[in-house]
Every structure is written in C-alpha cells, then in structure tokens.
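S.K.: Before we start, here is the structure in question, set down as structure tokens.
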Amino acid sequence: MGELRKRPSMSTFRVSNAQAFRVDQGMAQIGFTAIAGTTALFLTALGTSPAAADGISPANDGTGTQVNRIGNDHAITGGTPSADTHNLFHSFSDFNLLTGETATFLTDPAIQNILSRITGSNPSLIDGLLQVSGSDANLFLINPSGILLGPNSALNLQGSFTAITADQVNFATGTFGTVGTPDYAALVGNPQSFSFTANSPGSVVNAGTLSVLPGESVVLVGGQVLNTGTITTPGGTVIISAVDGNSLVRIAQEGLLLNLEVATLPDSPQATLLPFTPTTLPELLTGNAIGEAAGVTVNPDGSITLTESEVALPAEPGTAIVSGTLDASGEDFGGQLTVLGDTIGLLAATLETSGDRSGGTIRVGGEYKGEGPLPTAAITFVDGASTLIADALVQGDGGRIIVWSDQTTRSYGSLSARGGTAGGNGGFVETSSLGFLETTGAPDVGAPNGQGGTWLIDPFDIEIGFFTTTGFPNNNNPFVAESGPAQLDWGDIEAAFGTTPGVRVTVSTGVGGGDNGDITVVDGVDLAGVPADANLEFRAAGDIEIIPELTSSGGVSFDFEADTDNNGSGQIRIDNLLETQGGNILLQGADAGAAPAIDVRAPLRSNGGDISLLSRDSDIQITSLDAGGGAISIITPGLIRVTDTPSILTTGGAEITLEHGGSGATPFTVGDSATNGTAAGISNGANTVPFQAFSGTVSFGNIEIRTDTPNNDPGPSDIPDNFDPDEVDCFGGCDDFGAEPGGEDFSGGGFEEDFEFEEGGRDGFRDEERSEGRDNGFRDEEFDDGRGDDDGFRDEDRGDDDFRDEERGDDDFRDEERDEEPDEARGEEDLRDEGFRGGRGEDFEEISYDEWAFDDRFYADEFVNHFNLPVIPEPDFETSQGTLRSLTETVGTPPALVYARFRPAGSGTVARQPFLKQAQRFNPQPTDVLELVLVTPDSQPKRITVPSATREKVLAAVRQLQIELTDRTRRRRTTYLQPAQRLYSWLVTPLEDNLETEAVGHVSFIMAAGLRSLPLAALHDGEQFIIEKYSVGLMPSLALTDTRYSDLRQAPVLAMGASEFTDQPDLPAVPFELRTIVGQLRQGERSLNETFTPQTLISLRQASGYPVLHLATHGEFRAGGPDNSYIQFWNQRLGLDQLRQLQLNDPPLDLLVMSACRTALGDTAAELGFAGLAVQAGVKSALATLWQVSDLETAGLMAEFYTQLNQQPYKAEALRQAQLAMLRGEVTVVDGKLTWNGGSQPLPAELTDLRFGNIQHPYYWAAFTLVGSPW
C-alpha cells in the first residue's frame, strides 16, 4: 500500500446523527419473523464448525458482556464503558446469528459507539438482524477471522455500521485489540484507526440487505471484501475497502467526504500474537448454504466465480468485488460511495448517489487523478453490466464519478452524472489510469436545462484514434495489468459531447513509469453534430502531436496545452489542418530544445472563433492563421515565424496581438519570416500592417505588434511629449512631493504627520467621478449612498459605540478641525513617549518550546471553535522551526512569526498559566497590556511585554486607523499616520533589533481578538511604511497553516466573478479585471456572471486542477457565526460555513484571491472569519480585502499583483511589490489605458469615464491582506 498521505488534521469517525429512531427495549424479545427467508438450516451444513453450535457467546475475559437468549432473540447487556461514557466495549468468543434470529445491544443514551470484538478463531456467520436499543450509537463488529453477512442479514440502527476484520482498534489514548485486556476507561473519544497485523487479513462478505437511516454510513473493511447484496444509506456513505496485511487504516471526515487512508504498519511483535490464521475468502464461503444463496460459487480448484458470471475472481488480499447494489441516493443531495483495494471489480453492480437537488460522489479505485488521501487501486475493472449513477433528479448539478487505477483501468459500464430535469448543469466523470486505459461507451454528463459537465481521462501516455476492443489477454482475465499507452476512441469522445451545450472532454497526462506524458492523435476526425460551446481539452505533461487532420464542423473548441508539469519541456506539433467552425483554438507550448514550442505545419482556421498561441519560453512557428472574424493573439518571449501566404488574417476589425521577445535587437519583419516575422501580410479587414521591420511596439488600429524595448536612458526622454504637469494627480499637492533636491518622496513617508490639503487643492477623490463599485467598509451616515448595507463600525445590533463616548474622553474622529492636531482630550503623549521605551529588544525573555506550543494552540483554538473544526494537537517547535529554515532556503528570505495578545498588567508569569489564558479570552480588561512573542528560524522563541500599550489604547488606535483609511472625507489627509506610527511603535519597534540581526524579510502576525482586522501594510515607522522593509501577512496560527511551499510563478488561474447584481452595487470593472488576469498575464480560464456558479467552479477545478482561484465579486465577513458571512455567486450566496462544499482542497488550492470583499471592522467574529478564511476554505493562502476598494483601482492592483506573482518566489513578496507599486504611483490610467509595471491594457468604453483615484493613499492598497501561508 505505500506511505500514508497525511492530512493536516483528522476528525472523528462519526458521519452524522440522523433523526433519532428509538427502539422499544421490549422489541428485543420480538422474533422479527418477517426477515426469515432462508431457514435456519443454512448453518447445519457447517458440519463441525463451532460457530454453528455456539451462536453468540460472551468471552470470559473480564469485559462483562452478558447475553440473555429468549427464543430467537439475543439481548446483549453489560460490557465496559470508557471513562467519558461515549464508548461501550463488548467481547465475544463467538458471534453468529441463524436465519430469523436477532441480536439487540441494549445501551444508555450517552453511548455513541458500541465496539464488539470476537476473540475466538471462528468467523462470524450472520443471517439475522443486528439492532441497537437505547441510543443512536454506531455499531462496530470486529472479527479478525472473517465476517459473512448472509442474504437475510439486516440492520435496525440509528447510527452507522462497521464490519471490519482488524485485530486492533486504536484510540488516541490506547488500543482495543482482539487479544489481551485493555484499559477500557482510558479509551475515550472516537476510534482513530484500525490495525491489520496479520499477513492475510480475514474477509468480509455481504449478501444481505443492509440499510441505515439518512446520513449514516455502512463500512466494510477486510483483507478481501465481496458484496453481492444491497446496501442503502440515504444521503449517507458506503465504504468498501480491501486492505493488505500489516496495514493501518484511518477513517476520517474531510470536508463533505468520509475518507479512508491506509499506511503500512511498522514492524511489531503484535503481528505474531493472533492465536489463529484468519479465514480465507474461499474458506469463508465453503461448506455452508450461504455461499450458494449469495450467488457465489467456490470451484473445486478453490477459485471463486459469481453465479451469473464466468469471470474468475482474484483470491489475493486487497481484492474488493462489488456486485448487487450500493445506494446512497438522498432526498435532496446524493451521498457518497467509495470502493477501494489493490484489485477492484464491479460485476453487474449498481452504484447510485442521485438526489433531487444534487448528485453525490462515487469513487472507485481512488480520488481525482489518484490524488488525495485515498489509497489507489492497481487494477480496476467495471464490466459492461455495471451502472454508476450520480444524477441530479430535479433541480441541481450532477455529481462526481471517479474510476481510477495506477496500472490498468477497464471501464465498460454505464456512467451518468446528469444535471436536473428542471435546471442545473452536468457533473464530473473521470475514467483514468497511470498505465493502460480502455473505455467503451461515453459517460453522460449532459443536462436537459443547463450546461454540460466534464469527462476527464487522465493516463500517462495516450493515443487517440479509432480502436477495436480485442478482449482480455491472459485467458480472458480482466484483472491482469496490461502495458502500453492508453487508447481513447473518437467515437466515445463524440458520444460524450451528446446533445447538451458546454460539455467538456479533457484528456490529461502525467509523467511516470517510463512514459513522458504525451498525447498523440493517430487518426483524424471531423467532430460534427456537436452542440455549441463544447470543449476538447488536451493537457499533456509532455508533448502533443496531432498527425492527421482534426476538424470540427460542429461547435467544438480546441484547447491544447503541453508541459502541464511545468518542467520546461513540452511541444505542440500539428502536421495537418486544424479547423473549427466558430470554436476557439488555444495552443500553449513550452521549450522543445532547438524546435519551436508550437510548431504548426498546416493552416489554422477558426471561422469566427478566437485563436490564441502562447509559449512560455520558446519560439512559435506556424504556417498560416485565419480567424475569419475572431481575435488573434500570439504571445511568446521568443520569436514568431509565420511561413505561408496569406500569413495572419481575420475580418471585421477584430483584434490581432503579436507579442515577441525581439526587444529591439531582433525586429519583427512583415514580409520576411526567416527569423522573426511573417512571410506575407497581416490584416483584420479594417487595417493592414505594411511590409517592413518593426523594432519596437507599433499599432495599426486593433492590430498591435509589441515587444519589450530596453530603456537604458532614464533621463528626459522618458517624459511623454504631451506631458502636462497641471494634469498630474499629486497626493498632497505637487509642490510638496516634487522632485526638487531635498524634497520628500511619498513612498518614504517623510512628511509632517499633521499635513493637510489646501481646501481648494486638487484632491482627485471626487467620488461622483471616480469608480464607486467597491465602497469601503466604513460609511458615516452623512455619506450613506443608499446601497443598503452599512459597515461593521456602526453595527447597532452589536451595540458598538461610534467613538463619541464622552465619559471615556474619546473624540468621534469626525471633527475635521482637530484631525491634524494631537487629541488632548485623550491625554495622548508624543508618539515617542507613547510607544515602546525598552531599548528595542533589551527586555526579551526566552521561553520554552512547550510554552510556545501552548501559545500557538491558544490562538488556534479560537478558530477551531468558531468554525467547528477538529481539535488539533499542539505543534512541535523543532519541527516547526525546521520548516522555517527550509522555507528560508527555498525562497531566500528568513521569516519571522510575531504573536500579539494581551495579558493582565503586572501579572508576571502567572499570565502564562492555561486557566488564566482562558480567563483573558472571556474577561478582557482595558488595562491588559500587550505581549509579543517572536519566533525565527534560528533562535529560541522570545517574549516581551510592552507596558505602555494597554488593550484600550491599542484597540482605540486600531479603530482610529481603520476610520482614517476608510472614511472617504479623509483621503486628502495624512492623519492616518498618527495611529499607524503608534501601532508600529508597539507591534514592531520592540522586535526590530532581532529582526535586523536575523535579516528577516517577512513577518507573519498571529493576532489576538481585536487586532485581526488591522491593515498591517499601513503601519508606519515615522519614515516609511512597514512594506518598505518587510512583506507582511496574517496567520491564524502556525498549527492551522499549511506551510508547504508552492512555486506559483507559472501557475494557471481560474478567474471568476460577476459585474451585475440585483441587490448590491454593480462591479463594472470586473470583466476587464478578469480579462487582464487571464489572457494577458496568466494562462487559465474565465467565468463571468451567469457561468459564475459554485457548480461551475467545482467542475472547472476538477477538470484542470487550477492552483490559483480568483474571485471578483462581493463578499462580506459579518458579525455572528460563519453562516452570516458569505461570498456572492451569480445565483446564490454561499455562506462561510459552506465553503468546504467548493472542494477547494480537492485538488489542493494554493491561493484564493477575493478582490472585492469587506469586513465588519471591529467585530471579533467577523475578524475570525477574515483571518480564518484560508483555514475554513481548505486552502493554503487567501488574499482578501478588509474593505472594498474602488473598482478600477482594484483592477490595477490585481494586474500588478499577478505580474509580481510571475516574478517573485513567494506570495507575500508579490503582494508587497504590488502595494509598493501603488504607493509609488506606478499604476496609472493614461490615455484610456491602465498601465502597470507588467504592461498595459486599454480600458473598455464603460470604464473610460471613471476617474482613477490617487492610488498612493493607503486606502487603495492597505486593505489587501494575505491570510494563511505567505509561501
């Protein structure tokens, strides 16, 4: 089985508690004769098996289990509870039920789990009813020798059921094994894992009808698992898993899914403790009538076949076979079905997870692309008589179906993940293998009243053409691995497109097993009769080669990308005509050595669709290109050669953009394609480029040829000829920030803190002329614009003051006559006196590793409680510090963690006691003083107290800074400097000697309540902003942060958003923002307005695994629980408590960007939502805003951020550089173009009348905060 792939945390086994269904204790004496079908004689054929005689026998081992038999009913009482009374342990020497018999476990209501072990050497043969009375407990049946559930077996439970052949159940505090006497009282909490120490674990067979209540689960785990019966869990979970010997199995809740992880046990003497050898599957089925009744035949040679099939079943451990029915369909939402093992067979099986509002999840052999925690199968076989269904039945999206193997997948069954009949989109289906892959028939991902879904095929190497299935090799055995590239038939691709528009077929390859991850088209095809908006995607880790003609007279778009593993090698070569009838053509290649990254040796034609050719690091060479009215873009850092006549054509004045790396040294020549240019003309019908060489960037109407021209002369030639100093929008007035010798530069902050604009000066902040889409998080009543929501400052429901508390002496921060003067009413001292006076670091105290771990856990617990997360253990300091060292080596910048919280004044070391920390959380005092803890890669953690920084003063300064930055009437002033400098003197100045000594370049702040909505980037040391020294970010705690490094410099982006809303202000710049990010700056996909739905997001990420997700839409972090906060999609608001439904951790998301959210500043619950965004979403990092920044200016900062993300080694540095570019005025709008350090983009007509604000003011850039991992 391979090494365990760990998750950051494991949650409890329990899936859910359905509505209580109580069983009368008197029912324990009812025979349930309706269950009887097969007579009790089925066990008489067991001969001398002791199980036939012993029935249910309690073990004489001190557990205290008692069995009282009355007729056919076995009442089971006694047992031993755990100390928390949540677990009840039973021990039996034998456990068997004849047909029509009942076993009733009688419990107290507090019991949550009943764990029943069988210590004898006989398997359990059960053909009767298992039930629990007195509680809604989960029932565990544990027999290492084997478990056989006959055709008349049934369940009457209010909880979940697990049948498992492990010999040890592991808790955090001990083990419950089938040998020995454990300390039962110590086994508190839920089971964490199961150990299979035998070399060949016992088998589990189900031939019965097992049903549980809605939302509950049935789990069958053994060395071999065979199901021929029916298992029903409405909206719940079924897990069938076969495991090898010496395995450790963990079952844990991950988001909305119940996952199973398998690891190899370390060598242990426990493996020899079993006094018997577990029963093999043939032995379990031999010599009793149940085998024949279950539809299973054990042949004389010991092989096994299903009665209705000629296929011989493997008899090795790790084999899972499913026939019969697994049904997790729900009334509203489908549940999940998971089948795991080394070898998996679905033979005449029906698996269904449908629901009226949404299909569920079916996973056979692994998770998406074989990733995630699930163990993966070597061989997966789905026969032609099997059906897998995950449909939305009425209104909603289809579900997910994964069929996976590492070596060989044969998928011949019927797979369906359809959208609802009344609305909703198709779902997602993956049929994949790292090795050989063969499919017959296409999955149905259609939608009668919506967009089609996605079919993903994900092998290593693959050939696409017309193929014939020749049957199974090796004596017609489908369970033998086959070598060779995967093969995909064009007929299946055409069938998958079906009749629903928008279906996406994705062929994606990886690298391994000696394969390069190549996609090769060996037979040509015309994809005719395909609905509009269909997409054929190739995603090759290696090369893409298309040998014959490939055309689409239907509506298919071609989207082909090589080098998806970003190793710098991956060519696209097309030898014959590639043509669509209005579909788009997108080709993305990488380095191919001396050959071009994109090498097209025949015409490209789109007949009205857009054509885009992108190379990351090498030349592009094509024959000719005709878009027939579509836009054309060719972008490469290398050179472009278009070798035939005509060269580049389109009509209707459509855009043509050619961007090359000649940089003035190698001109682009129209009329000569030998080096860099076209053999013939370039025309869009309205403009024609003349035949000549162009060294720099030139434009002819909508035709632009551009390159980076080196500029080695920063003198007067840089000033445009039409420069007009009267038009310069200078923050603070040009006279004050001019370039005169000795003049102060704004970026350094070297100006008087009481500076104020002249009343008649040019402020550039007239709101009626500036973009207003994204308003700030604070609005006084006199500035309410009638858009509905007010900010979190004046949330009257919270009872917060508006800073006019006369008794406290606070001003109301709205007296414009006094803003620039020190506030004498508060008795504030000079900033130098108000701040830290301890000599920058001389009062530090080193603390122990355990104290630091407790501190980190203290911060983490607030988020755990707020979001109802699994409890996490305290982190290990040496491991954590080693991670910081490793990250320093990776990105070249030492980081520091700064913990900031308050403790009672004068409490000394007492404040560090656990009980007092908890008291501080619930009983904060205004006199509490600020305490900082500093953690760096190479030093002992240190603590320092800042006595002058009381809770009252610090929180007042935070609120004042928030108001100064978000009140639009104050954007002509620099009065924000007063609180910004005061906060810097408290939070940073005491640490600076240490930060300088260790050359720290990044600081992650881990803050107490009240500080988490502090705009960190606006902190100021009296000379410059903090971002002019360090990159900064916010962490919930180190233990809750995924610190694994990801290089995002070439990562594609899924950019989604909405520009139109019915109940909130429109965001008119969002389409422009998305086009700039995906298209000009990054590869990826865009979804706008109607297509911006949670279902689309999930589908696109499952298909392409985007590591970066950009959401340009309204979002709000509000007071109250996570369900009060939301992200606005086109068709719904998704609560923060529902973020896990987006499955952003599957595949893992490295960065979530939310460019238009706002926070109820000053509210602790809203702060938790903001600071815990990455944790709750299940992503490594989130970039979000504390207040909404004006629409166009946000687009500018985002353009700069993604430009920097292309260049900087880690996310926090990219944000810092983007904020510095804003601070320095390097992001501008000039002549109708948005310009930033990475390029420029013409503004659409709807944005040209919006005035671009003075982005040097921190209102425009300090709201953007990186939450979670800075790496």
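The values are calculated or read from the model by the stated rules, or taken from the named source; none is laboratory data. Keep in mind it's a predicted model, so treat the numbers as computed, not measured. Every residue, glycine as well, gets a Cβ built from its backbone with ideal geometry; the counts of neighbours run over all protein chains shown.
S.K.: Any residue at all in the stretch 1034-1046 that is closer than 24 Å to Gly1105 by Cβ, basic (Lys, Arg) and at pLDDT 90 or above?
M.R.: no
S.K.: Yes or no: the stretch 707-717 includes at least one residue that is closer than 18 Å to Thr666 by Cβ and either aliphatic (A, V, I, L, M) or modelled with pLDDT of 50 or more (or both).
M.R.: Looking through the stretch 707-717, at least one residue is closer than 18 Å to Thr666 by Cβ and either aliphatic (A, V, I, L, M) or modelled with pLDDT of 50 or more (or both).
S.K.: Ala627: at pLDDT 95 or above and among the small types (Gly, Ala, Ser), yes or no?
M.R.: So Ala627 fits the description; yes.
S.K.: Return only the number of the condition from (1) in a loop (DSSP other than H, G, I, E, B); (2) crowded, with 18+ Cβ neighbours inside 10 Å; (3) of a type outside the set (A, V, I, L, M) that Asp644 does not satisfy.
M.R.: (2)
S.K.: Every residue in the stretch 120-136 that is buried (at least 23 other Cβ atoms within 10 Å of the Cβ) and closer than 27 Å to Thr280 by Cβ, please.
M.R.: Passing the criteria: Pro123, Ser124, Leu125, Ile126, Asp127, Gly128, Leu130.
S.K.: Quick one: which residue in Ser91, Ser133 is modelled with pLDDT of 95 or more, more than 23 Å from Asn199 (Cβ to Cβ), of a type in the set (Gly, Ala, Ser) and in contact with a Pro (Cβ under 8 Å, 6 or more places away or on another chain)?
M.R.: Step by step, each of Ser91, Ser133 is checked, and only Ser91 is modelled with pLDDT of 95 or more, more than 23 Å from Asn199 (Cβ to Cβ), of a type in the set (Gly, Ala, Ser) and in contact with a Pro (Cβ under 8 Å, 6 or more places away or on another chain).
S.K.: If you don't mind, there's one more thing I want to ask. Select from the stretch 648-676 the residues that are touching a residue at least 40 places away in the same chain (Cβ under 8 Å), part of a loop (DSSP other than H, G, I, E, B) and closer than 14 Å to Thr636 by Cα and list them in ascending order.
M.R.: Gly661, Gly662, Ser663, listed by residue number.
S.K.: Quick test of your reading of the structure: Lys369 fulfils all but one of (1) free of Cβ contacts under 8 Å to residues at least 60 places away in the same chain; (2) assigned to a helix (DSSP H, G or I). Name the failing condition by number.
M.R.: Every condition holds for Lys369 apart from (1).
S.K.: Looking at (1) within 23 Å of Tyr368 (Cα to Cα); (2) hydrophobic (A, V, I, L, M, F, W, C); (3) assigned to a loop (DSSP other than H, G, I, E, B), find the lone condition where Phe538 falls short.
M.R.: (3)
S.K.: Report yes if some residue within the stretch 1214-1230 is part of a loop (DSSP other than H, G, I, E, B), β-branched (Val, Ile, Thr) and at pLDDT 90 or above; otherwise report no.
M.R.: yes
S.K.: Here is a further query. Regarding Glu1200, is this residue at pLDDT 90 or above, of a type in the set (Asp, Glu), crowded, with 24+ Cβ neighbours inside 10 Å and over 27 Å from Ala1119 (Cβ atoms)?
M.R.: yes
S.K.: Of all residues in the stretch 1122-1164, which are small (Gly, Ala, Ser) and in contact (Cβ under 8 Å) with a residue 60 or more places away in the chain?
M.R.: Ser1155, Ala1156, Ala1160, Gly1162
S.K.: Name the residues in the stretch 943-974 that are at pLDDT below 90, more than 39 Å from the chain's Cα centre (by Cα) and not in a helix (DSSP H, G or I), would you?
M.R.: Listed by number, the residues that qualify are Arg972, Arg973, Thr974.
S.K.: Could you identify the single residue in Thr564, Thr623 that is in contact with a Pro (Cβ under 9 Å, 6 or more places away or on another chain) and under 22 Å from Phe460 (Cα atoms)?
M.R.: It is Thr564.
S.K.: If I filter the stretch 550-570 for residues that are touching a helix residue (DSSP H, G or I) at 6+ places or on another chain (Cβ under 8 Å), in contact (Cβ under 8 Å) with a residue 40 or more places away in the chain, part of a strand (DSSP E or B) and crowded, with 24+ Cβ neighbours inside 10 Å, do I get at least one hit?
M.R.: Checked against the condition, which is being touching a helix residue (DSSP H, G or I) at 6+ places or on another chain (Cβ under 8 Å), in contact (Cβ under 8 Å) with a residue 40 or more places away in the chain, part of a strand (DSSP E or B) and crowded, with 24+ Cβ neighbours inside 10 Å, the stretch 550-570 yields at least one hit.
S.K.: Also: Considering the stretch 514-551 alone, what residues qualify as being of a type in the set (S, T, N, Q), at pLDDT 95 or above and more than 13 Å from Ile464 (Cβ to Cβ)?
M.R.: Thr551
S.K.: Give me the residue from the stretch 668-711 that is aliphatic (A, V, I, L, M) and within 43 Å of the chain's Cα centre (by Cα) and, out of that set, surrounded by the fewest Cβ atoms within 10 Å (Cβ to Cβ).
M.R.: The extreme case among them is Val698.
S.K.: Taking strands (runs of 3 or more DSSP E) that fall entirely within the stretch 1071-1190, which contain at least 3 residues that are in the same structural domain as Ala1214 (by the TED database), out of contact with any His (no Cβ under 8 Å at 6 or more places or on another chain) and over 27 Å from Gly452 (Cβ atoms)?
M.R.: 1115-1117, 1181-1185
S.K.: Mind listing just one residue for me: the one in the stretch 382-394 that is more than 17 Å from Gly413 (Cβ to Cβ) and over 25 Å from the mean Cα position of the chain (by Cα) and, of those, surrounded by the fewest Cβ atoms within 10 Å (Cβ to Cβ)?
M.R.: Result: Val394.
S.K.: While we're here: Suppose the filter is surrounded by fewer than 24 Cβ atoms within 10 Å (Cβ to Cβ) and in contact with a Pro (Cβ under 7 Å, 6 or more places away or on another chain); does Asp1191 pass it?
M.R.: Taking the combined requirement at face value, the residue does not satisfy it.
S.K.: Of the residues Phe497, Phe467, which single one is at pLDDT 85 or above, within 27 Å of Thr454 (Cα to Cα) and buried (at least 19 other Cβ atoms within 10 Å of the Cβ)?
M.R.: Sole residue among the options that is at pLDDT 85 or above, within 27 Å of Thr454 (Cα to Cα) and buried (at least 19 other Cβ atoms within 10 Å of the Cβ): Phe497.
S.K.: Could you tell me which numbered condition Ser416 fails, if it satisfies all but one of (1) of a type in the set (S, T, N, Q); (2) surrounded by fewer than 24 Cβ atoms within 10 Å (Cβ to Cβ); (3) at pLDDT below 95?
M.R.: (3)
S.K.: Using beta carbons and a limit of 8 Å, which pairs, at least six apart or on different chains, have the first residue in the stretch 90-105 and assigned to a loop (DSSP other than H, G, I, E, B) and the second one hydroxyl-bearing (Ser, Thr, Tyr) and surrounded by fewer than 24 Cβ atoms within 10 Å (Cβ to Cβ)?
M.R.: Sorted first by the residue in the stretch 90-105, then by its partner, the pairs are Thr99/Thr38; Thr99/Thr39; Gly100/Thr33.
S.K.: Could you check Leu125 against (1) in contact with a helix residue (DSSP H, G or I) (Cβ under 8 Å, 6 or more places away or on another chain); (2) modelled with pLDDT of 95 or more and say which number it fails?
M.R.: Against the list (1) in contact with a helix residue (DSSP H, G or I) (Cβ under 8 Å, 6 or more places away or on another chain); (2) modelled with pLDDT of 95 or more, Leu125 comes up short only on (2).
S.K.: Need at least 3 residues that are within 20 Å of Gly384 (Cβ to Cβ) per element, so show me which strands (runs of 3 or more DSSP E) inside the stretch 306-356 make the cut, counting only ones lying wholly within it.
M.R.: Answer list for the stretch 306-356: 319-327, 343-352.
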